[in-house]
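The values are calculated or read from the model by the stated rules, or taken from the named source; none is laboratory data. Here the structure is a predicted model, which is why all the values come from computation and not from measurement. Cβ atoms come from the backbone with ideal geometry, glycine included; neighbour counts cover every protein chain shown. Quick note on the areas: whole protein, heavy atoms, side chains included, nothing else; ligands and nucleic acids left out. Shrake-Rupley method; radii C 1.70, N 1.55, O 1.52, S 1.80 Å.
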Amino acid sequence: MQTFLGAIFCAVMLAVILILRIWRKKSVAKIYDEMAEKDNSYTLLIGGYDWGPMVDKIILNVGEIASDFTDADLRPEKFSVKILSEGLDFKSGKKTEIEGNAKVVAAWKSDIDGAPCEDKSGDDENPETEKPTHITLALEVHPTDYLISPFIYSPESEHNIWKKKFNFEISHEKLSAPITECSDWYSPDADLFTDMKSTGELTAAYFTSEIDESRIQEGRTYPLIVWLNGAWEGGTDTNIALLGNKVTALAKDPIQSYFEGAYVLCIQTPTFWMQHGDKPYDILSDDCTDKKSRYTKSCKHVIDTFLHQTPLVDKNRIYIGGCSNGGYMTMNMLLSYPDFFAASFPVCEAYNDKWLSENDIRTLDKIPTWFVHAKNDTTVDPEKHVVPTTRRLMEARTGYVLHMNFFNDVRDTSGRFTDDKGKPYEYNGHMVWTYLFNDQCCSESGESLWAWISRQSRLDNEE
């Protein structure tokens, strides 16, 4: 009897194993099918710019007919890119539907990732060379071209979100039909960062610079740059925080070169840093006497978790900065953990000077800080924030250097973007982080903010 029951048990278990294997095989096949690039489809590449993300390249999967495209066929004017997208009426708060055409400025045969490749099909010396199957289009971008921005502001959450309607139609005389199906989208800039786990109620993403193995053996450690998002970049999708303010510049040269490699940790709040209780911005109420953020301990927990997971961080060279809401949080973290950070760089910071006691000023006086603001900022009034605060700090300084860049306005300095009169495009005065991420904040002697930051150490502060 026991032998019979054992045989039945073994048979049942074998059947279960077979069923699980078949189910797993089908599930994996389904996942691969969903992830696979579709024929006659397009992939959107999203770049990070001073004003936010833009679709600046489209990779077309056209199949073997890519080889049929001559240099004349690849002239930009040969392509048509129509877009149906979402807009927002800020007065009513209602979404609208917008459509238009993107301008193609270049086109080339490419691999699946958009990298140029030569068509060597039919080459006797390279008979195994595959024919190109993709064509990549480069699009013209401009700060006013809302059509090709994948972000839209949500009045409900008061954050940027991804557009739900963002449809492209690409046409060319060599295509039998317009390409209208999106196979994928990604941002090479945001992909420099990795989402961090175990962050509690906050989300975060980090960048790890290339580490020289020989330096590891020498005991080399690397500094950490902590960035705190602005108000519109809150939520739970780190891509919003990374692309909304061109935070990805922290992972590239020239900023990285000042540190010879640095870790970057971007921490994102689900609501707003300027929140003490359960209601966003309740910290602005006169009834709120404690101006400390409800996310203070959570923010420190994320940093501590990263330090625990990343032993090569130089704990004496941890720097913190953020813009607007994140500028407030930068000040808040300095006041809460004054002996933890080696230096800070608050940008258009929203910590009202009237909230700072004389004891707070004495605390901030011990931390090397570089403020960045614009005089025509109408979102965070400098006369209520950075101006009186820096004045008080200058009066209280006992040896530490205090820097401040107080720009008249915020304009494009790349030479690429102009207004309708041909003059350098002028951004909203609140967008002073543009100068920070483009390494255009300097002292009177000409030293870069980032060069100065890289020299700061907690060991020096303790002397």
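Take peptides 202-209, 65-72 and line them up by average Cβ neighbours within 10 Å, highest first, as a rough protection proxy. Before the final figure, lay out the partial values.
Numbers: 202-209: 20.4, 65-72: 13.2.
Top to bottom by mean Cβ count within 10 Å: 202-209, 65-72.
Using only Cα atoms, tell me the angle between helix 296-309 and the longest principal axis of the chain; keep it within 0 to 90° and round to the nearest 10.
Rounded to the nearest ten degrees, it is 60.
If you take the C-alpha gyration tensor of region 339-409, multiply each eigenvalue by 5 and take the square root, what semi-axes do you get, largest first, in whole Å?
Details: eigenvalues 79, 35, 22 Å².
For region 339-409, the ellipsoid semi-axes come out as 20, 13, 11 Å.
With θ set to phi - 60°, apply the Karplus curve 6.51 cos²θ - 1.76 cosθ + 1.60 along region 387-396 and write out the HN-Hα couplings as whole Hz, x wherever there is a Gly or Pro.
With the stated coefficients, region 387-396 comes to 5, x, 5, 5, 4, 5, 5, 4, 5, 9 Hz.
Can you give the log10 of the normalised intensity I(q)/I(0) at q = 0.09, 0.11, 0.20 Å⁻¹, computed with Debye over equal Cα scatterers of region 141-269?
Log-scaled intensity ratios, in q order: -0.37, -0.53, -1.18.
Largest first, what is the accessible-area ranking of 140, 383, 447 with a 1.4 Å probe? List each step's numbers first, then the result.
Working: 140 90, 383 115, 447 50 Å².
So, going from the largest accessible area down, we get 383, 140, 447.
Just to confirm, what accessible area per residue do you get for the chain at 1.4 Å probe, in whole Å²? Working shown, then result.
Details: 23320 Å² over 463 residues.
Using a 1.4 Å probe on heavy atoms only, each residue of the chain averages 50 Å².
With the cut-off at 24 Å, tell me which of the pairs 82/246; 57/78; 57/252; 78/109 have Cα atoms farther apart than that. Walk me through the numbers on the way to the answer.
Numbers: 82/246 26 Å; 57/78 16 Å; 57/252 20 Å; 78/109 14 Å.
With Cα atoms farther than 24 Å apart: 82/246.
Just the number, please: percent antiparallel of the DSSP beta bridges in the chain, rounded to the nearest 5. Show your work: numbers first, answer last.
On the way: 52 of 81 bridges.
The antiparallel proportion sits near 65 percent.
Given a 1.4 Å probe and every protein chain left where it sits, what share in percent of the accessible area of the chain is carbon and sulfur? List each step's numbers first, then the result.
Working: 11750 of 23320 Å².
Accessible surface attributable to carbon and sulfur in the chain totals 50 percent.
Share of antiparallel DSSP beta bridges in region 365-452, in percent to the nearest 5?
Just about 40 percent of them are antiparallel.
Could you pull out which residues in region 40-62 have an amide N less than 20 Å from a spot 7 Å beyond the Cα of residue 379, following the Cα-Cβ vector?
Zone members listed by number: 47-55.
Determine, for each peptide in 237-243, 326-332, the mean count of other beta carbons within 10 angstrom over its residues, then list the peptides with the highest first.
Values: 237-243: 25.1, 326-332: 29.0.
Descending mean neighbour count gives 326-332, 237-243.
Using 0.36 nm per residue, how much length does the chain from residue 354 to residue 195 gain when fully extended, once their Cα-Cα distance is taken away? Intermediate values should be presented prior to the final figure.
Working: separation 159, 0.36 × 159 = 57.24 nm, distance 3.68 nm.
Full extension of this stretch gives 53.6 nm more.
So if I restrict to the alpha-carbon atoms in region 149-203, what is the Rg, and what is Dmax, the biggest pairwise distance, in Å?
17.0, 53
Helix 325-336: angle to the longest alpha-carbon principal axis of the chain, degrees 0 to 90, nearest 10?
Roughly 50 degrees, rounded to the nearest 10.
Per q in 0.09, 0.10, 0.14 Å⁻¹, report the Debye log10 I(q)/I(0) for the chain, using one uniform scatterer on each alpha carbon and no solvent.
-0.71, -0.84, -1.34
Tell me the mean residue ellipticity at 222 nm calculated for the chain from its helices only (DSSP H runs of n ≥ 4, each -39500 (n - 2.57), averaged over every residue, nearest 500). Could you put the intermediate results ahead of the total?
Numbers: 11 runs with 111 residues, N = 463.
For the chain, the value works out to -7000 deg cm²/dmol.
Provide the per-residue ³J(HN,Hα) series for region 192-201, in order, calculated from phi with Karplus coefficients 6.51, -1.76, 1.60 and θ = phi - 60°, each as a whole number of Hz, with x at glycine and proline positions.
Once rounded to whole Hz, the list reads 5, 9, 10, 5, 9, 9, 6, 9, x, 7.
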